[in-house]
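Comments concern the structure below.
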Amino acid sequence: MKITSIKADLLAKMFLAGAKNLEAKKEWINELNVFPVPDGDTGTNMSMTIMSAAKAVSELEEPTMDKLAKAISSGSLRGARGNSGVILSQLFRGFCKVIKEYDELDVVILSEAVQKAVETAYKAVMKPKEGTILTVAKGGANKAEELSTKTDDVVEFVSGVIEEAEYVLSKTPDMLPVLKQAGVVDSGGQGLVQVLKGAFDALTGKEIDYTIESNEVSKSSEGKVAEQPQEVEIKFGYCTEFIIMLNNPISDKEEKAYKSYLESIGDSIVVVADDEIVKTHVHTNDPGLAIQKALTFGALSRIKIDNMREEHQEKLLKEANKVAEQQPKEESKMEHKEVGFIAVSIGDGINEILKALGTDYIIEGGQTMNPSTDDVLNAIEKVNADTIYVLPNNKNIIMAANQAASLCEDKDIVVIPTKTIPQGITALVNYVVGASAEENKENMMSEIENVKTGQVTYAVRDTEIDGKEIKQNDFMGIGDKSILSVGQDLEATTLEMVDEMVDEDSAIVSIYIGADAKEEDADKISAKIQEKYADLEVEVNNGGQPIYYYIISVE
């Protein structure tokens, strides 16, 4: 099949197919995260970015190239989440700058559009790093330029670009040692390849469901109308997890039969086997059946059964109460002020700390769900101030915040590039009333450089990083740039991490307790730090953050 040009209707289908393919592969892409943390989110961020644009595209009844370009560019720009999502939106933005001028696209125009896409994305990144989505995009663009002089067949052209992008992706571990050490390719680059593959399927006539559904709800603790939580039918009520300590190694045939049995009694099946153990996860209405079957292979360990229907009801009640609390706030308009503050947060306790320090608007999301450019723009709209300081409090949100600032025309937006919650708290503490925005920015940025942050969580897979061998479910203490400690004891791992952070200039250690940690355990850790470092001031705060047992700062 030979195609020499693409019209707007076919390009719209290609874009939707690319979006759907990325959406389908997002969890797999999440698992390519270098650090084996439970919140690897590249796939989610890229998927939510492109699905924002896909929704806009799906609403076009008779797309022209100009309308299509606007829908893709604007939709992805405002929906951009995380660094990978922002870069993806910039690739689309550059691509659309070229295609909007034409009614049909041939290989020459497509090549020009791809070159512009890469140029725009590189300009958007302050310090471009090779071995990332940018490198994969550049490799594909270089191939596009070469192919545009050799063929007029769009199918051959796109196929060649994808083949080259996949080749460059396979080489990303050679460009970034941390990828090679973790045994993964770049997750953002993999996401881009999946978009291209989905688009190619539509180009070649593969049967695809182009329906785009959106149930995205932005979250904030101030000023937003929250969507009422909806009751959903839970087909299988019990989330069942356990580890089988095998009597004998399980064969491929036995493993396949075991999976088939689990599929017959439930869904959400995960079975990971090696010579000694089999980790099992299944949603079922009869956990006993899964357990009985597992016992035929060996003894069971770490059995965990949760009633999802009960948990769902509790969640609905909690969310309904939260919505009710928010409703009156929507009606009251914030008084005008000269200076306002917006901060991204990740837990109820941290929310309260940020508000006490003068934050006007909290964007909930942070590490486990990066807010979009549009979320930041909505927050800016709600804060009735001439100058607004935005604290992203996560390195993966800074680009989205900067993108929002560039789109705001009626207020002076100052983004302080805080990479962690403790940096955000320090920035607020060091704001000086009466100083100019530029003076405050300089002062706040100087002070956050003195903050070291460590975060304690658990590993979701086996790997080796920073010279440390990590096993699934190990505790990890993650510093600003590397993994500082690994172990099977939460307290010992946390104290080892603190030891790596403290130096002769340290004065204060602040501990923020996560949702899954206990206050008494945090107090024990605090006492041991105080005992070892008598000159340090140690304070303990309720953070309420998910995923991370403790967030600890050393200043």
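Only the coordinates and a few stated rules stand behind these numbers; no lab work does. Since the model is a prediction, treat every value here as computed from it, not as a measurement. We place every Cβ from the backbone using ideal geometry, glycine too, and count neighbours over all the protein chains shown.
Observations, loosely collected:
- Taking the three principal axes of the alpha carbon atoms in the range 6-203, the coordinate ranges are 46, 36, 31 Å, sorted in descending order.
- Loop-resident trypsin sites (Lys or Arg not before Pro) (DSSP state other than H, G, I, E or B) in the range 1-95 with no more than 15 further Cβ atoms inside 10 Å of their Cβ: 2.
- Those residues of the range 503-531 whose amide nitrogen sits under 15 Å from the label point placed on residue 541, 7 Å along Cα→Cβ: 508-515
- Beta bridge orientation in the range 452-554: antiparallel %, DSSP, nearest 5: 80 percent
- For the chain, convex hull volume per residue from C-alpha positions, Å³: 176 Å³
- DSSP beta bridges fully contained in the chain are about 70 percent antiparallel.
- If you plug the beta carbon distance of residue 445 and residue 247 into 1/(1 + (r/R0)^6) with R0 = 56 Å, you get a FRET efficiency near 0.40.
- For the range 333-448, the dipole from Cβ point charges (+1 on Lys and Arg, -1 on Asp and Glu) about the Cα centre works out to 300 debye, to the nearest 20.
- The sum of -39500 (n - 2.57) across all DSSP H runs of n ≥ 4, divided by the residue count of the chain, sets its helix-only mean residue ellipticity at 222 nm to -16000 deg cm²/dmol.
- Using a Förster distance of 35 Å, the FRET efficiency for residue 530-residue 356 (Cβ separation, nearest 0.05): 0.90
- Relative packing of peptides 296-305, 378-387 - highest average C-beta neighbours within 10 Å first: 378-387, 296-305
- The chain, relative contact order [Cα under 8 Å, separation at least 6], %: 12 percent
- Cα Rg over Rh - the range 333-448, Kirkwood: 0.92
- Packing-based order for 98-105, 543-550, 525-532, using average beta carbon neighbours within 10 Å, highest first: 543-550, 98-105, 525-532
- Here, the range 425-555 is characterised by an Rg to Rh ratio of 1.02, where Rg is the alpha-carbon radius of gyration and Rh the Kirkwood radius.
- Span from the the range 254-274 Cα centroid across to the the range 62-79 one, whole angstrom: 43 Å
- Listed pairs 180/253; 25/171; 471/524 exceeding 24 Å between Cα atoms: 180/253; 471/524
- Entries of 13/55; 97/143; 20/256; 206/259; 123/143 with Cα pairs more than 22 Å apart: 20/256; 206/259
- Sparsely packed GluC sites (Glu not before Pro) within the range 415-486, loop by DSSP, other Cβ within 10 Å at most 15: 449
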